[in-house]
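Input: a single structure, listed below in structure tokens.
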Amino acid sequence: MKAKTITFFLVLICISSCNLIKDDPNEIFQQIGLNANKIPSSFERVFKEFRQQKANGTLQLPAEDGKTMRKATCVEVVNYAYANTFKKDIERIKDLNPDDDAVEIVNSGIDLFEYADQIQSKDFMIIAKMIDEGKSDEEVDKAARNLDDTKGIELDKKYTKVMNLLLPYADKKGVEYKKL
């Protein structure tokens, strides 16, 4: 009985000490700050590029052989390039074990990436479908501009909040980074 009790307490101590190991500030900065660079600053620009590629026949995806490219629809490209952009980032951020100084940064990062993921997996598909259906440039631009002026503004607020928390944290913790 005594051996089982000692073993139980050792396992309990090991489990609780795992929570005492906090992620390095560099890891927090990379997972949140660097990956935030994947978030487009202009949805209208993204869709103008897609329209241009579709118009000149360069809207492509890797073929099944993995060696060549094939023509693709805008929906296919958006699904391939954007639908899962942030899934792994969100998982990695949720797996972070931040110190007390970084808890709010991590929570704000999760909020930012989940919102960006929602836009790219749902709203991007709507506009991509408009392009594939041959809607006019004006209609596509209007939809993309509307996305910029609504969810884009909210996304910018979330991004700014994260950076306003993350950069002072990085400075305080001695994380080296460059602003571009």
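Per-residue extension of 0.36 nm, minus the Cα-Cα distance of residue 61 and residue 87, leaves a gain of 7.3 nm for this segment. Rolling a 1.4 Å probe over the heavy atoms of the protein chains gives the chain an accessible area of 63 Å² per residue. Residue pairs exceeding 25 angstrom between C-alpha atoms, taken from 71/122; 38/122; 48/161; 94/151; 94/157; 38/178: 48/161.
What shape does the stretch 80-154 have by the C-alpha gyration tensor, where a ≥ b ≥ c are the square roots of the eigenvalues, rounded means a/c under 1.5, and otherwise prolate means a/b greater than b/c and oblate the rest?
Judged from the Cα gyration tensor, the stretch 80-154 comes out oblate (a/c at least 1.5, b/c at or above a/b).
Give the shape of the stretch 20-65 as rounded, prolate or oblate, defined through the alpha-carbon gyration tensor: a ≥ b ≥ c are the square roots of its eigenvalues, a/c under 1.5 means rounded, and otherwise the shape is prolate if a/b is larger than b/c and oblate if not. Judged from the Cα gyration tensor, the stretch 20-65 comes out oblate (a/c at least 1.5, b/c at or above a/b). The portion of the accessible surface of the chain made up by carbon and sulfur, rounded to a whole percent, is 53 (1.4 Å probe; DNA, RNA and ligands excluded). Where q = 0.14, 0.15, 0.22 Å⁻¹, what log10 of I(q)/I(0) comes from the Debye formula for the stretch 42-167, counting one point per Cα? Summing over Cα pairs of the stretch 42-167 leads to -0.70, -0.77, -1.19.
For the chain, with a Gaussian network of springs between Cα atoms less than 10 Å apart, report the residue from 154, 49, 114 with the top mean-square fluctuation. For the chain, modelled as a Gaussian network with Cα springs under 10 Å, the answer is 49.
Only helical runs count toward this figure. For the chain, summing -39,500 (n - 2.57) over DSSP H runs of n ≥ 4 and dividing by all residues gives -18500 deg cm²/dmol at 222 nm.
The values are calculated or read from the model by the stated rules, or taken from the named source; none is laboratory data. The structure presented is a predicted model; accordingly, all values stated were derived computationally and were not measured. These accessible areas exclude ligands, DNA and RNA; they are computed on the full protein's heavy atoms, side chains included. Shrake-Rupley method; radii C 1.70, N 1.55, O 1.52, S 1.80 Å.
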